[in-house]
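The values are calculated or read from the model by the stated rules, or taken from the named source; none is laboratory data. From a predicted model like this one, the values you see are computed outputs, not experimental measurements. Note that each Cβ is placed from the backbone with ideal geometry, even for glycine, and that neighbours are counted across all protein chains shown. Note: accessible area is taken over every heavy atom of the protein model, side chains too, but ligands, DNA and RNA are not part of it. Shrake-Rupley method; radii C 1.70, N 1.55, O 1.52, S 1.80 Å.
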Amino acid sequence: MTDCVEIALTSDTSAQHWSCCAWDVRTGTQLMTYRNGGPPGPNTLNIINNQVIVSGNLTKPLLTVWPINRQEPSNVKYMLPAIPGAVAISPDGNYCLVAHGHSFNIYNLLTGANMASVAQHYGKINVLRFTDDGSHFISAGQDCRIVVWNLARTVQQKDNRMLYELADFTLPVSDVLVGKGGMKATLAAVSLDRSCKLYELTTGRLLLNVVFPVALGVLTMNALETELFVGDKKGLIYTCNLQSAPRSKEIHLQQDLLDRSVFKGHKKAITCLSVSMDCETLLSGSEDETVIVWHVKTRQQLKLLPHKAPITNAFFLVTPRAMFDQSLELSVPFPPFQKVVITRQERERISIELPVSKRSLRDRLEFLGTPETVCDNDKASKIQELEHEIEKLKAINQQLYQQTIHDITNEQN
């Protein structure tokens with residue numbers, strides 16, 4: 001077990017020894033490997049409630065699911081209409097978006113129901129992203145368009161499910177990032193046309209357009225949304241300070257200016273970027289079969305994690321406590337996906353059974369690492385405080401009662 005606050009989860013296209021792997025980014029050691037799921041495709045690796053790992057297969061129309069403390073996947077087969085191009089899980093773990101070709105399906109994970117199938121794009125969908133409150137999601141693809149959707153309206157198959165679309169790019173959109181704050185967040189996107197655009201998610205208003213001298217493949221922002229990191233197709237990572245307000249909405253950056261704030265270490269195109277919670281560490285994956293851990297302020301390499309093939313997914317996550325508890329039975333409650341989209345009548349009759357923990361409060365406190373003695377001492381002191389407060393209230397009520405009787409008696413006399 002590790003005492004790291006954050007670990008890294010990565011995958012490559014070979015799946016030679018494992019499908020995905022959890023790493024200690026400080027030492028470069030493997031903490032847990034997940035096997036026999038095939039190679040995960042780009043933008044298809046997800047975590048559900050820190051208990052389940054989901055990935056879309058790169059070569060087969062299949063989703064693979066692992067309990068986070070088991071190396072072998074679940075026995076349930078999650079068949080899809082086609083090879084998944086992107087997969088996204090809602091923050092509450094109830095809905096799963098799967099893109100295949102120019103369309104995507106919405107599945108209810110708890111029932112397996114195929115809630116909707118949408119074909120709005122004219123090219124292959126590369127990216128699916130949820131807002132942090134789960135109310136909306138974003139799709140982007142090779143048709144150079146970004147579409148913002150309302151989840152509830154899309155599930156109900158209403159006509160006004162699409163809020164708006166952005167068609168400001170001249171070449172395919174390669175990556176999309178949604179900040180914090182629900183629909184009040186910032187939407188950032190990069191494209192092969194060398195531009196990085198920032199939008200106001202609520203209205204779709206363009207806030208900033210940064211044009212680079214090379215084609216862009218991936219982007220990320222730190223937790224404070226003060227720094228923007230962009231990876232290009234040549235293996236370089238650029239950083240932009242979002243706190244220095246530009247004079248105009250469009251900025252063209254020259255190569256000599258970018259050389260002052262570039263991360264150099266990869267030899268091929270950047271495929272993944274992620275920033276740690278403390279904004280001090282950057283994680284990058286590339287087609288050169290390596291994942292590099294960087295120190296953001298100095299732009300120096302801290303660790304290099306070798307792989308067997310081009311990297312498809314790499315991101316930080318808070319260390320799941322259950323990952324290292326082999327005695328914990330984490331069942332996968334998701335039934336197989338239905339092939340046909342359900343009708344309105346079926347959708348109205350659908351029932352969802354939420355799993356309920358049968359463990360006692362004391363057991364849950366022990367699982368969270370709270371010592372029994374501390375819990376008992378706190379409980380005893382709290383009971384004494386409450387009993388003392390009750391006695392005070394009884395005395396005050398008695399005084400009020402006596403005073404009321406005295407006043408009534410005086411009025412009658």
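Observations on the structure shown:
- Each residue in the range 126-145 was checked for being in contact with a His (Cβ under 9 Å, 6 or more places away or on another chain) and open to solvent by less than 10 Å² (accessible area, probe 1.4 Å), and 3 pass.
- Every residue from the range 1-53 that is under 17 Å from the mean Cα position of the chain (by Cα), among the aliphatic types (A, V, I, L, M) and within 18 Å of Arg321 (Cα to Cα): Val5, Ile7, Ala8, Leu9, Ala22, Ile47, Ile48, Val52, Ile53
- Within the option set Asp143, Asp132, Asp168, being closer than 25 Å to Cys196 by Cα, in a loop (DSSP other than H, G, I, E, B) and touching a helix residue (DSSP H, G or I) at 6+ places or on another chain (Cβ under 7 Å) holds for one residue only, Asp132.
- Checked against (1) crowded, with 20+ Cβ neighbours inside 10 Å; (2) of a type in the set (Ser, Thr, Tyr); (3) free of Cβ contacts under 8 Å to residues at least 60 places away in the same chain, Thr271 meets all criteria but (3).
- For the range 296-314, the tally of residues that are open to solvent by less than 50 Å² (accessible area, probe 1.4 Å) and in a strand (DSSP E or B) stands at 5.
- Residue among Asn75, Asn94 that alone is open to solvent by 10 Å² or more (accessible area, probe 1.4 Å), over 21 Å from Asp143 (Cα atoms) and without any contact (Cβ under 8 Å) to a residue 12 or more places away in the chain: Asn75
- Residue match in the range 219-228 (condition: among the hydroxyl-bearing types (Ser, Thr, Tyr), open to solvent by 10 Å² or more (accessible area, probe 1.4 Å) and over 25 Å from the mean Cα position of the chain (by Cα)): no
- Among the candidates Gly123, Gly101, residue that is at positive phi and either open to solvent by 10 Å² or more (accessible area, probe 1.4 Å) or β-branched (Val, Ile, Thr) (or both): Gly101
- When the range 146-159 is limited to residues that are surrounded by 16 or more Cβ atoms within 10 Å (Cβ to Cβ) and polar (S, T, N, Q), the one that is farthest from Lys197 (Cα to Cα) turns out to be Gln157.
- Test: residue in the range 42-51 that is without any contact (Cβ under 8 Å) to a residue 40 or more places away in the chain and either over 21 Å from Val176 (Cα atoms) or assigned to a loop (DSSP other than H, G, I, E, B) (or both): no
- Any hit, the range 315-323, residues being surrounded by fewer than 16 Cβ atoms within 10 Å (Cβ to Cβ), in a loop (DSSP other than H, G, I, E, B) and in contact (Cβ under 8 Å) with a residue 24 or more places away in the chain: no
- Residue within the range 332-348 that is farther than 30 Å from Gln156 by Cβ and modelled with pLDDT of 60 or more present: no
- Of all residues assigned to the range 282-299, none qualifies as being closer than 30 Å to Thr154 by Cβ and not hydrophobic (A, V, I, L, M, F, W, C).
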